[in-house]
Structure formats: structure tokens, C-alpha cells
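Notes to accompany the following structure.
The values are calculated or read from the model by the stated rules, or taken from the named source; none is laboratory data. Everything numeric in this text was worked out from a predicted model, so none of it was measured. Virtual Cβ from ideal backbone geometry, glycine too; neighbours counted across all protein chains shown.
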Amino acid sequence: MRVLELSPSDGNGSSDNGDEPLPQDADYSNVLSLSDELETSILARFPRSQHWKLCFLNKRFLTLARSGEIYKIRRELGFKEPSVFMLASKEIDGTVIWRFDSIRNEWLKGPSMINPRCLFASATSGALAFVAGGLDARAYSFQILDSAEKYNSESQCWEPLPRMNKRRKFCSGCFMDNKFYVLGGQDEHGKDLTCGEFFDGKTNNWTLIPDMWKDIPLFVSQSPPLLAVVNNELYTLDSSSNELKMYEKGSNSWKTLGVVPVRADAQGGWGVAFKSLGDELLVIGAPSVSHSERALSMYTCCPDPDDEKLRWRQIGCGNIQLNHFIRNCAVMGT
């Protein structure tokens, strides 16, 4: 380390040669600069939630972040970058899509869907988000949709997909076997649908799966199907029995794995969060063993169809009292 060297100065603090003293707290003469490629590779490994800080580092990284190039590099390095979307209720200018910008650490209005909708099925895969079915959200329209579209978070554009085989509302979606699945719901006549269908991006076609939802009891005013995919296996929380079930692809049937420690049956599945969290299932709601109707509990489980008993692990909420009714829930990777 080198100390600051000052030239002799006059009484006014200026040096004899008229130059301002230069700080010399470090000697960089022998430090080699990194190549742009290596520097980018290092910075790409920073947690995504901290990228907004790196934008102050230099203009090049700011450009990489805003263009989305840094996230392509992260995917090449093996990082998973799922996207999160929130559909707000109708505002003055209609239904609005919001997207979370981790660089700015704020919510921003995103581009509207080609066909604005509500009560639709959705799923994400990498940089893509898929939506299908639902109710037409345009003014004075109650049409049940069979249209579908996908959103590219890199180009921030919606693209139309082929129409589904069935019109559906109150349906749910998931991504499995590199395909976008849509299950259950009601058709334009109010009839409960027991079929499912999937969209294959390679063939650009929808394929109907008859009776995919036939093993799940259906009743009035129940929520859309509670679905989650872990290790490419599809699970559902049966809101009529509080049981966890796994879809057996070969037989097009559902296998019961055991009881879930929340009261999904209390309000027909409404108010319960059921999501995949890495290699685990996450469920949030009112616990089945609590005497408090407004208590909230969170549990995780690594499902194994060969185990005789499910092993649920409770996640503590501290001393905070939270309402158990979950209106919406999403999992975002960093």
C-alpha cells in the first residue's frame, strides 16, 4: 500500500506546480485487466436479486441486464430463471398485466395479452409463460375462451398459439414433459370437464386426454385444480379429501399417496397454496390440527410414490399471526 504523497504547497493549499495532488492509495500498475467475457461470466454468478447494484458498476453491465443477455449467460451456466407474473383485477384502463423487474426491484406494467382473460390456466418454463382458456376479460363479454398464447420474457411479447380442443374456465395449467398441460374446468355450458389436453411446441398442436381428471371428485363451487409438478411428476391436492395424489401417466389414473396437513376441504380448495419448490411440494393454509380457524401453516414434502407415509416438514412462521386464506401465491427462483 502506498500513502498519499503531497507536494510542498503554499499557504493557500495549492502545490508549487499548480497541479492537484493525486491519491495514491494503491498501485495498479501491475494489475492485469480482465477480458469482457471473463468479467461477464463472473458477474453473471451474482444472485439475480443483487443485479440492480451491479448496474452501477459500469454501462456495459447495465446494457447486458436491460437487454436480457446476462440471463442467457446465467442459463448457460446452469441457473434457473423462472418468471413471475401477476394479473391485477380490472383497473380504469381494463385488465392489466404486471411483471416484476428484479433489476429495478419494482413492479412494472407489462404488455397486454392478445386476448385479455381471467380465470385461466397458466404455467411457466424458462423464459416462457403460457396461458389458455378462461373468461374473456373485455367489457360486457362473458365468453369462455379456447384461445391460448405464450409470453416471451426476453422479447416482452405475446404470441398466439393454436386453439385448444375445448373451451374452459376455472381450469389449471402445468408444464410437464416439455409440454403445457391444461386440466379440468368448465365448458361454455357450465359442464365440469374431466378431460385434459396438452400443447406440444414441437408439433404446434393440442392433444386431448379423455378422462384425465375422472378420478378426482367434482362438486359445486370448488376451486380450479390444485396442481404442482416435482421432478417431472404431476401431483394434485384433492380438496374433497385433503389427500395428495400423483398422476400415473401410463394408466391415465391418480394414485393416492396420503393426507395433506391442511384443510383444503374447508372452502373447496379456495384459499390454499399448493406449489412446487425445487424438489419439494409446498402447501400453505389452515392446519388440520389447529383449533384456531384463522391460523396459517406452511409445510414442505419430498414426495416419493414408493414411501408408505408422507413426511411433511412444518416451516415456522414465528410469532406472526397470519390469515390462513391465501389469495395467490407464486414461487420465484433467484
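So is Asn232 of a type in the set (S, T, N, Q) and closer than 25 Å to Arg167 by Cα or not? The answer is no for Asn232. With the requirement that a residue be more than 19 Å from Val220 (Cβ to Cβ) and either buried (at least 20 other Cβ atoms within 10 Å of the Cβ) or of a type in the set (Ser, Thr, Tyr) (or both), what does segment 179-198 give you? Across segment 179-198, the qualifying residues are Phe180, Tyr181, Val182, Gly196, Glu197, Phe198.
How many residues does segment 248-270 contain that are of a type in the set (Phe, Trp, Tyr) and closer than 20 Å to Glu308 by Cβ?
Total meeting the criteria: 1.
Among the residues making up segment 132-152, those that are of a type in the set (S, T, N, Q) and over 23 Å from the mean Cα position of the chain (by Cα) are Ser141, Gln143. Filter segment 263-290 down to the residues that are of a type in the set (Val, Ile, Thr) and free of Cβ contacts under 8 Å to residues at least 40 places away in the same chain and list them by number. If the condition is that a residue be of a type in the set (Val, Ile, Thr) and free of Cβ contacts under 8 Å to residues at least 40 places away in the same chain, then Val289 is the only one that fits. Of the residues in segment 162-172, not one is more than 14 Å from Leu145 (Cβ to Cβ), in a loop (DSSP other than H, G, I, E, B) and not assigned by TED's automatic domain parsing to the domain that holds Ala264. Scanning segment 132-161 for residues that are part of a loop (DSSP other than H, G, I, E, B) and aliphatic (A, V, I, L, M) gives Ala137, Ala139, Leu145. Of Phe120, Phe180, all but one fail to be within 15 Å of the chain's Cα centre (by Cα) and hydrophobic (A, V, I, L, M, F, W, C); the exception is Phe180.
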